[in-house]
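Since every read-out is calculated from the coordinates, none of them should be taken as a lab result. Keep in mind it's a predicted model, so treat the numbers as computed, not measured. When we count neighbours, we look across all protein chains shown, and the Cβ atoms used for this are built from the backbone with ideal geometry, even at glycine.
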Amino acid sequence: MPHGKDTAAVPSAARPFTLWREVLVAYLAPAVMAGAGGVAGGQAELTVAAWTSIAGTSAVVALLIGAWLQRRRGPRPWTTALPRAVLAALVSVGAAGAAGLVGWFAAGWLPTHTGVPDTLWLSRLRLDLPISAALAAGIVSWRWRGTQRTQPPQP
């Protein structure tokens, strides 16, 4: 190593937040992981759910949360004032709660009001949606917050 050059002390530039990339990863990562678990465990239903309700929920939540955080008028002040972990936790809990309500509603309402039969995949929505939403919201908000500069409080 040359004298006077400590490369470990030089911070690397953060990769910019790119929404389409975040949505793509939010779809592919859970689809591949849960799909592999379904194949390895011989659970055909998990394999199908991996590519539909699990990955689909993750992609939709990543798109919604990412677009909300990255809005045109700039970020909301509280999103850049909070520590990264706190923002990710708050957004995750909110997304999980909303997705849990959607899953609960869909699992109960669809069989009674539509021609959709009451099958096991419908009951999976009560668990798949909130878990997928929480993970996607937490990861996207964590990554977005990492690209934002912390603004010091004004006196």
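Numerical summary
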item: Inter-probe distance in nm under a simple model that places probes 7 Å from Cα toward Cβ, at Leu127 and Thr112; result: 2.3 nm
item: Whole-number D in µm²/s for region 53-155 (Stokes-Einstein; Kirkwood sum over Cα pairs; 10 °C, 1.306 mPa s); result: 108 µm²/s
item: Helix-only mean residue ellipticity at 222 nm for the chain, each DSSP H run of n ≥ 4 adding -39500 (n - 2.57), per residue, nearest 500; result: -23000 deg cm²/dmol
item: Options Ser132, Trp104, Leu122, ranked by Cα towards positive dipole end of the chain, top entry (Cβ charges); result: Ser132
item: Förster-model FRET efficiency, 35 Å R0, Arg76 and Ala44, C-beta, rounded to 0.05; result: 0.20
item: Label-point separation in nm, Leu120 to Ala29, each point 7 Å along Cα→Cβ; result: 2.8 nm
